[in-house]
Amino acid sequence: MSETVFITGGAGFIGSALVRYLIDSSDISVVNIDKLTYAGSLHSLGSAKHSDRHHFHREDIVDGPTMRRLVEKYQPDYIMHLAAESHVDRSIDGPGEFIQTNVVGTYNLLEVAREYYETLSSERKARFRFHHISTDEVFGSLGTSGLFTETTRYKPNSPYSASKASSDHLVRAWNKTYKLPVVISNCSNNYGPYQFPEKLIPLIIQKALAGEPLPIYGKGDNIRDWLYVDDHVKALWQIVTRGVEGEVYNVGGHNEKTNIEVVNTICSILDDIKPRADGESYATQISFVTDRPGHDRRYAIDASKIEHDLGWTPEQTFESGIRKTIDWYLHNAEWVAKVSGDYDGSRLGSQ
Ligand SMILES: NC(=O)c1ccc[n+]([C@@H]2O[C@H](COP(=O)([O-])OP(=O)(O)OC[C@H]3O[C@@H](n4cnc5c(N)ncnc54)[C@H](O)[C@@H]3O)[C@@H](O)[C@H]2O)c1
């Protein structure tokens with residue numbers, strides 16, 4: 001019998017890539033739970049949306065009784081928890097939603113999973129995992145050297161990263177106290193198709209094509225470690241199916257770039273494949289703006305544990321992944337228009 005995975009946040013950027021991957025390349029059944037906030041859209045699911053192995057429910061993870069009913073109904077082999085408020089700038093303007101969804105929502109799911117786990121046969125108990133999908137931002141900021149490992153001390157700086165750190169701690173505690181078999185993964189910045197246009201890479205592509213200024217926070221020298229979303233999704237599937245109970249896995253792309261390098265790369269690829277009518281470079285649109293409050297300086301992941309234990313390595317380099325991403329946005333303006341809703345690309349979280 002084919003397995004069933006209960007995915008929260010499956011209409012978001014990473015969740016929809018995971019749903020598309022599982023529907024396209026396996027015989028797994030997917031139960032997709034998503035509130036469809038501004039960041040979620042069924043348009044991100046492509047043809048997976050029509051599969052008879054895809055069961056969508058528009059629900060809020062904060063609603064415990066509904067989560068309990070759905071878990072009992074579908075009897076999942078795995079729970080993969082991705083639903084979250086995910087944008088740092090929005091967490092600066094309105095942290096309340098981040099506490100509700102990321103902390104209270106995770107607590108609800110843990111309680112539902114704990115009760116459900118007790119009803120399973122010993123064979124199904126051995127396979128079951130509650131996989132919490134988290135971020136490297138929980139570790140705070142690095143100096144010019146060093147990498148985040150699975151044992152790096154937590155030091156979150158934004159309301160977003162503090163809410164994710166809180167949920168990581170809850171997940172760990174439910175393993176230590178109640179023996180719920182959990183795995184946690186902390187991943188670096190993702191990019192790729194279907195990312196909501198408020199995030200750096202799609203924002204810059206959209207603004208470049210619209211002839212608008214390309215806003216760079218501070219001097220553009222903050223460093224992120226970029227991972228192509230489909231590589232992340234493959235890592236997640238390895239972790240939930242083969243990861244050891246109670247373990248943490250860091251996931252990263254070995255692609256440290258300053259923000260200004262990322263923006264210059266986007267500009268030069270666009271200059272190449274979609275030159276501006278006036279012959280000028282898109283880089284002339286770059287505009288430095290006041291930095292984000294509490295802006296972490298540098299993130300970089302040591303991914304040697306997942307490479308060694310689970311044999312996962314990223315397939316895309318930044319150069320190959322960014323070309324695929326730009327190409328996708330050039331051919332999917334309709335998706336951008338459909339999901340953008342009230343978001344007009346203006347600055348958030350500047351306080
Ligand atoms: N994007 C990244 O670079 C990155 C990196 C590391 C980890 N993560 C983590 O991965 C997960 C997914 O990130 P993403 O970039 O796809 O986020 P996203 O914002 O694109 O998607 C989040 C999804 O969760 C849904 N959601 C929000 N609140 C909900 C609620 N209360 N109930 C049900 N659904 C709700 C939204 O509708 C949306 O579809 C998050 O937990 C995030 O912290 C993201």
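Remark on PHE288: its backbone amide H falls under 5 Å from those of ILE216, a criterion applied only to residues 5 or more positions apart or on other chains, H modelled at 1.01 Å from N. Three principal axis extents of the chain based on alpha-carbon atoms, in descending order, are 67, 44, 38 Å. Here region 142-188 is described by how far its Cα atoms reach on the three principal axes: 39, 22, 16 Å, from widest to narrowest. As a size descriptor, the averaged projected area of the C-alpha convex hull of region 302-351 was calculated at 6.6 nm². When Rg and the Kirkwood Rh are both derived from Cα coordinates, the Rg/Rh ratio for region 1-146 amounts to 0.99. The phi torsions of region 36-45, fed into the Karplus equation with coefficients 6.51, -1.76 and 1.60 and a -60° offset, translate into couplings of 6, 5, 3, 8, x, 8, 5, 5, 7, 8 Hz, rounded to whole numbers, with Gly and Pro shown as x. Which Cα, out of GLY211, PHE128, LEU330, lies furthest along the positive dipole direction of the chain (beta carbon charges, K/R +1, D/E -1)? The one lying farthest along the dipole's positive direction is PHE128. In region 64-159, the alpha-carbon atoms span a convex hull of 117 Å³ per residue. At an R0 of 35 angstrom, the distance between the Cβ atoms of LYS155 and ALA277 translates into a FRET efficiency of 0.15. Helix-only arithmetic for the chain: the sum of -39500 (n - 2.57) across DSSP H runs with n ≥ 4, divided by the residue total, places the mean residue ellipticity at 222 nm at -12000 deg cm²/dmol. Distance between the modelled labels on SER304 and THR144, one decimal in nanometres: 2.3 nm (7 Å Cα→Cβ projection).
Here the Kirkwood formula, the inverse mean of 1/r across different C-alpha pairs, assigns region 87-239 a hydrodynamic radius of 17.6 Å. In order along region 281-296, phi translates into HN-Hα couplings of 7, 4, 4, 5, 7, 4, 9, 7, 10, 3, 5, 5, x, x, 5, 5 Hz, rounded to whole numbers, per the Karplus curve 6.51 cos²θ - 1.76 cosθ + 1.60 with θ = phi - 60° and x for Gly and Pro. Under Stokes-Einstein, with the Kirkwood radius over Cα pairs as Rh, the value for region 210-351 at 25 °C and 0.890 mPa s is 140 µm²/s. The trypsin sites (Lys or Arg not before Pro) found in region 252-351 that occupy coil by DSSP, while having at most 12 further C-beta atoms within 10 Å, are ARG347.
For ARG298, the amide hydrogen comes within under 5 Å of the amide hydrogens of LEU142, ILE223, counting only partners 5 or more places away or on other chains and with H modelled in the peptide plane. Between amide H atoms placed 1.01 Å from N, distances below 5 Å from TYR249 occur with ILE184, SER185, ASN186, all of them 5 or more places distant or on a separate chain. Region 213-249 and region 17-53 have Cα centres lying 20 Å from one another. The DSSP beta bridges internal to the chain are antiparallel in roughly 10% of cases.
For the chain, the longest principal axis of the C-alpha atoms and the axis of helix 318-331 are separated by about 80°. Structure note, pairs LYS125/LYS176; LYS49/LYS73; LYS35/LYS338; LYS164/LYS219: Cα-Cα distances above 23 angstrom occur for LYS164/LYS219.
Where a number appears in this text, it was derived from the coordinates with a stated rule and is not lab data. None of the values given here were measured: they were computed from a predicted structure. Glycine also receives a Cβ, built like all others from the backbone with ideal geometry; neighbour counts cover every protein chain displayed.
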